[in-house]
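Have a look at the structure below before the remarks.
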Amino acid sequence: MTTDLTEAAIAVLRANDRGGYTVPTGSGPTQTQGNWGSCLAALGLARFDEERAWTEIETLLAGQRPDGMVPHVLIHDDDADGAAGPDGPGITRPPLAATAVRHLFERFGVQRSRPRLRVLAPKLLAWHRWFAAARDPDGTGLAAVVDPEESGMGGGPAWDSAAAPLRVADIGANAILQRANRDLRFLLDMIDDRAGTAEVDRMIGRTRAALERCWDRTEGFYHSRDARTGRVLRKPGIGGLLPLYADPTLAEHRPAMLARLERWLDDVGIAVPSFEPGRPEFDPRRPWRGPVCPATNWMLHDGLRRAGRQALAARIRRDSMAVVARSGFREYFDPTTGEGLGGSGASATAAVVLLFAGIED
């Protein structure tokens, strides 16, 4: 199965390749580059085309705004030398780019990667500075997203009760940012940017402390907060498990979180539901209210594997590969039936398949 599935995944990425960027799905707009999906696509492209993997990230960061923000979507004009502009309001997505660049750097080696890194690292640092300045001006350690789409998990129930205008310290988005901060620190160290490294160290320290203040000892879970009111948003979505992706040592220090994950898996057929099964808001067909998302599966697998929790990691990997083999390269999957949902020919799903194919349980 793995060989056929990886060949099919490569075919999806090639079909969605527009030369310098990858469209999110084969069934959607043809000139759209999604921020999060593009970083995942680069991870998949790295399995078979080094140059295109680097170009994917370079094209995304070419759309960076003067203040450092990278828009959540770029719209390309393929008739105008690939010129791109942002789509819609001034929002971004949780930053995966630093994590993707570190993956490419480590995969392809210092000699080949360092010249590109010297160009990309300052852009990544500018984006992370933007998060601190624009989304956390009070220095709390948590970036407050201002639109559900900015969280990357915008359909989840936590948004139903947040005060308007929205400013939510989304736990999943901040966990992804914290992991990206750690990866950016590594990259800056590789080019001997001592000032940048010290700056990111301060970001990491503030966010580490702030994330721990979001831990609910009674429930054994990390919760988002309404940054306007300070109210805890007790809606247990998959974002509350993603601090493990930022810091694998939490598997040892927060065993209740892994017990919560195991209970979720006991209640569904396919890992990992995006919201806690059994809750009134759980809906296996509505994104971020239940369906499996391959991208967050990869993040959880990464954290569990680095934490040495091989059995749980292997379950997520096997389920992810099997559901794609059964239902195709869809954006999401029903965790109870395995039915594919959302767009077809999904680049992010193909990329995750390629990442998982290179890992042994």
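The values are calculated or read from the model by the stated rules, or taken from the named source; none is laboratory data. As the structure is a computational prediction, the values presented were derived from the model and not from experiment. Positions of Cβ are backbone-derived with ideal geometry, glycine not excepted, and every protein chain shown enters the neighbour counts. Just the protein is used for accessible areas: all its heavy atoms, side chains included, with ligands, DNA and RNA removed. Shrake-Rupley method; radii C 1.70, N 1.55, O 1.52, S 1.80 Å.
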Requested in this report: Report the local net charge at ASP266: Lys and Arg +1, Asp and Glu -1, summed over other residues whose C-beta lies under 15 Å from its C-beta.
Outcome: 0
Requested in this report: Would you kindly state how much longer the chain becomes between GLU106 and ALA311 on full extension, computed as 0.36 nm times their sequence separation minus their alpha carbon distance, in nm to one decimal?
Outcome: 71.2 nm
Report summary line: Note on the chain: alpha-carbon gyration tensor, axes a ≥ b ≥ c; rule is a/c under 1.5 for rounded, else prolate if a/b larger than b/c, else oblate; result rounded
Report summary line: Under the helix-only model (-39500 (n - 2.57) for each DSSP H run of 4 or more, divided by the residues of the chain), the mean residue ellipticity at 222 nm, to 500 deg cm²/dmol, is -15000 deg cm²/dmol
Requested in this report: Assuming R0 = 51 Å, can you tell me the calculated FRET efficiency for the pair ALA163 and ARG118, based on Cβ-Cβ distance, to the nearest 0.05?
Outcome: 0.75
**Report entry** Centroid-to-centroid separation of segment 135-202 and segment 225-243 [C-alpha atoms, Å]
**Finding:** 13
Query raised in the report: What is the sum of charges around MET203, taking Lys and Arg as +1, Asp and Glu as -1, for the other residues whose C-beta is under 13 Å from the C-beta of MET203?
Result: +4
Report task. Note down, for segment 89-132, the three equivalent ellipsoid semi-axes (square root of 5 times each alpha carbon gyration tensor eigenvalue), biggest first, whole angstrom. Result -> 23, 11, 7
**Report entry** Cα radius of gyration and Dmax for segment 230-271 (Å)
**Finding:** 11.5, 36
Requested in this report: Quote to one decimal, in nm, the extra length available between ALA325 and ARG65 on full extension: 0.36 nm per residue of separation minus the C-alpha distance between them.
Outcome: 89.7 nm
Query raised in the report: Considering the Cα trace of segment 227-361, what is its radius of gyration and what is Dmax, both in angstroms?
Result: 14.4, 45
**Report entry** Normalised alpha carbon radius of gyration of segment 9-139 [divisor 2.2 N^0.38 Å]
**Finding:** 1.03
Query raised in the report: For segment 257-328, what is the largest minus smallest coordinate of the Cα atoms on each principal axis, given in angstrom and ordered from greatest to least?
Result: 33, 30, 18
Report summary line: Reduced to Cα centres, the span from segment 265-288 to segment 13-66 in Å works out to 29
Requested in this report: Using only protein heavy atoms and a 1.4 Å probe, report how much of THR99 is accessible, in Å² to the nearest 10.
Outcome: 10
Query raised in the report: Seen from all sides and averaged, what is the projected area of the convex hull of the Cα atoms in segment 146-261, in nm²?
Result: 7.7
**Report entry** Extension reserve of the GLU7-ARG217 stretch, reckoned as 0.36 nm per residue once the Cα distance is removed
**Finding:** 71.1 nm
